[in-house]
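> Mind looking over this structure? Questions follow.
The values are calculated or read from the model by the stated rules, or taken from the named source; none is laboratory data. Quick caveat, the model's predicted, so the values are computed rather than measured. As a convention, Cβ positions derive from the backbone with ideal geometry for all residues, glycine included, and neighbour counts pool all protein chains shown. For accessibility, only protein heavy atoms count, side chains too; no ligands or nucleic acids. Shrake-Rupley method; radii C 1.70, N 1.55, O 1.52, S 1.80 Å.
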Amino acid sequence: MTVTESERLMTTTKARVGIAGAGSIAFGSAALLHEQGHDPMLWSPSGAGTEALKASPLQASGAVEAEFSPRVAASAQQLAEDNDTLLIALPGYGHKTVLDALAPHIRDGQHVIISSHASLGAVYLMQLLAKRGVTAPITAWGTTVVTGRRQEGAAVKVNTLRARVDLCTVPETAADDALAVCQNLFGDRFQPRDGLLAISLSNLNPQNHLGIALGNITRMERGETWSQGQNVTPKVGRLLEQLDLERLAIAEKLGLSVRTIFEHFHLSFHVPIASISEMNQQMHAQGNGGTGPATADSRYVTEDVPYGLQLTAVLGRLAGCPAKLHEAGIEIFSAMYGRDFARENTLLNALELDRFSLDDLRQAARTGLLQSTPETVS
């Protein structure tokens, strides 16, 4: 990012932010930006997600209360050209298509934020920009700033604002400026982490959603309305804790510092640290335990298995620390759904990680560029 644009974004009272996506997180993020005094623009790749905004303003309730009419982009080109910063806020299975659409229009120094980062998408985008000779800082968040559920029409219920969100930026030389931009846009809630591998292992949603979906799959299939927090029962909670130990072991093997599942629920949902089941019961009692998916075609499976669990499994194998429960989860859901979720990750497939070493990946986690070392080629 150039000094001039960086300073302008850090000091402006009303930044223009283009949001790629029009679901729960996109709407909730737009509402938060509006509340913070900024000017969001939404882009729905299909056009369907923003259709309701033609008839009524965006209405946010819960942790953010707002009613306003955000700008709406007709194309990826308009989103990139009309905004200072871009925020990718849609499920992981849509990232490659959206990054492909935006990459030809992103300009030098334009800040891109991926919320939340999925399967080394920052590396994929940096590679696309490098082919054009464009250098732009790309910030990866370990999770979303908001949680919530889109309602009928142009409404969104924002369940909570996270007190801490892990982030890093590639190239790492842009980290300080990018952190200041994120703070200006979304508030002082960000915890810098040591590169993209740490961010990849900071996203707890895939492991948590694995246990929750596995323990409640019949509720999802039947379309029931059910409390998510209440149904993280002791045995489901224990599974989440064991999944977390696998993730933490991989991070330790790679020399990375990441938060625990206990810290995640404590900081995200403002409940005291206890067992994971007890923390979720407390969330339910406070009314912010959330509602579980009412369909088997939920991102808890279709996004988090291929784009979350699969990346953890790959990192575990590369680090020599296999994530057996994560691997088993991928196989179980693949059997349930009659799909090969391990092969559905379009970002990892495009990066062809099997051509590179762990050292190559570590370097890319800081620069954004995945390149083979001479030792790897030989």
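> Cβ contacts < 6 Å: first residue under 20 Å from residue 305 (Cα atoms) and open to solvent by less than 40 Å² (accessible area, probe 1.4 Å), restricted to the range 210-233; second residue among the aromatic types (Phe, Trp, Tyr) and modelled with pLDDT of 95 or more, any location; separation 6+ or different chain. Result?
Cβ pairs passing all conditions: 213/300.
Let's see how each residue does on (1) touching a Leu at 6+ places or on another chain (Cβ under 7 Å); (2) of a type in the set (Gly, Ala, Ser); (3) at pLDDT below 95; (4) part of a helix (DSSP H, G or I):
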position	(1), (2), (3), (4)
93	no, no, yes, yes
99	yes, no, no, yes
102	yes, no, no, yes
112	yes, no, no, no
119	yes, yes, yes, no
136	yes, yes, no, no
166	no, no, yes, no
169	no, no, no, no
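> Could you tell me how many of the residues in the range 271-285 are assigned to a helix (DSSP H, G or I) and exposed (fewer than 13 other Cβ atoms within 10 Å of the Cβ)?
Step one: filter the range 271-285 for residues assigned to a helix (DSSP H, G or I), giving 276-285.
So of that shortlist, the ones also exposed (fewer than 13 other Cβ atoms within 10 Å of the Cβ) come out as 285.
Of the residues in the range 271-285, 1 are assigned to a helix (DSSP H, G or I) and exposed (fewer than 13 other Cβ atoms within 10 Å of the Cβ).
One line per residue, one yes/no per condition, for (1) more than 22 Å from the chain's Cα centre (by Cα); (2) of a type in the set (Lys, Arg):
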site	(1), (2)
248	no, no
253	yes, yes
269	no, no
272	yes, no
276	no, no
282	yes, no
321	yes, no
327	no, no
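> Within the range 70-89, is there a residue that is among the acidic types (Asp, Glu) and more than 26 Å from residue 153 (Cβ to Cβ)?
Narrowing the range 70-89 to residues among the acidic types (Asp, Glu): 81-82, 84.
Narrowing further to those that are more than 26 Å from residue 153 (Cβ to Cβ): 81, 84.
Yes: one or more hits.
> Residue check: is residue 248 on the phi < 0 side of the Ramachandran plot and open to solvent by less than 30 Å² (accessible area, probe 1.4 Å)? Give the steps one after another, and end with the answer.
Details: on the phi < 0 side of the Ramachandran plot: yes; open to solvent by less than 30 Å² (accessible area, probe 1.4 Å): no.
No, not satisfied.
> Assuming residue 306 fulfils every condition listed in (1) at pLDDT 95 or above; (2) open to solvent by 30 Å² or more (accessible area, probe 1.4 Å); (3) in contact with a helix residue (DSSP H, G or I) (Cβ under 6 Å, 6 or more places away or on another chain) apart from one, which condition is it?
With (1) at pLDDT 95 or above; (2) open to solvent by 30 Å² or more (accessible area, probe 1.4 Å); (3) in contact with a helix residue (DSSP H, G or I) (Cβ under 6 Å, 6 or more places away or on another chain) applied to residue 306, the lone miss is (2).
> Could you list all residues from the range 324-354 that are under 23 Å from residue 256 (Cβ atoms) and not in a loop (DSSP other than H, G, I, E, B)? So that I can check it myself, show each step before the final result.
Our first condition is that a residue be under 23 Å from residue 256 (Cβ atoms); within the range 324-354, this holds for 324-327, 329-330, 345, 347-348, 351, 353-354.
Across the range 324-354, the qualifying residues are 324, 325, 326, 327, 329, 330, 347, 348, 351, 353, 354.
> Quick one: count up the residues across the range 24-36 that are of a type outside the set (S, T, N, Q), open to solvent by 30 Å² or more (accessible area, probe 1.4 Å) and within 25 Å of residue 81 (Cβ to Cβ). So that I can check it myself, show each step before the final result.
Going through the range 24-36, the residues of a type outside the set (S, T, N, Q) turn out to be 25-28, 30-35.
Add one more test, that the residue is open to solvent by 30 Å² or more (accessible area, probe 1.4 Å), and what stays is 25, 34-35.
Narrowing the set further to residues that are within 25 Å of residue 81 (Cβ to Cβ) leaves 25, 34.
Counting residues in the range 24-36 that are of a type outside the set (S, T, N, Q), open to solvent by 30 Å² or more (accessible area, probe 1.4 Å) and within 25 Å of residue 81 (Cβ to Cβ) gives 2.
> Still on this structure, I have one more. Give the range 150-192 a look and list any residue that's among the basic types (Lys, Arg) and buried (at least 24 other Cβ atoms within 10 Å of the Cβ), or say none.
Step one: filter the range 150-192 for residues among the basic types (Lys, Arg), giving 150, 157, 162, 164, 189.
Selection gives nothing.
> Follow-up. What residue, of 364, 323, is of a type in the set (Gly, Ala, Ser) and closer than 23 Å to residue 243 by Cα? Steps first, answer last, please.
Numbers: 364 fails: closer than 23 Å to residue 243 by Cα.
Unique residue meeting the criteria: 323.
> Which one of these does residue 321 not meet: (1) surrounded by fewer than 22 Cβ atoms within 10 Å (Cβ to Cβ); (2) assigned to a helix (DSSP H, G or I)?
(2)
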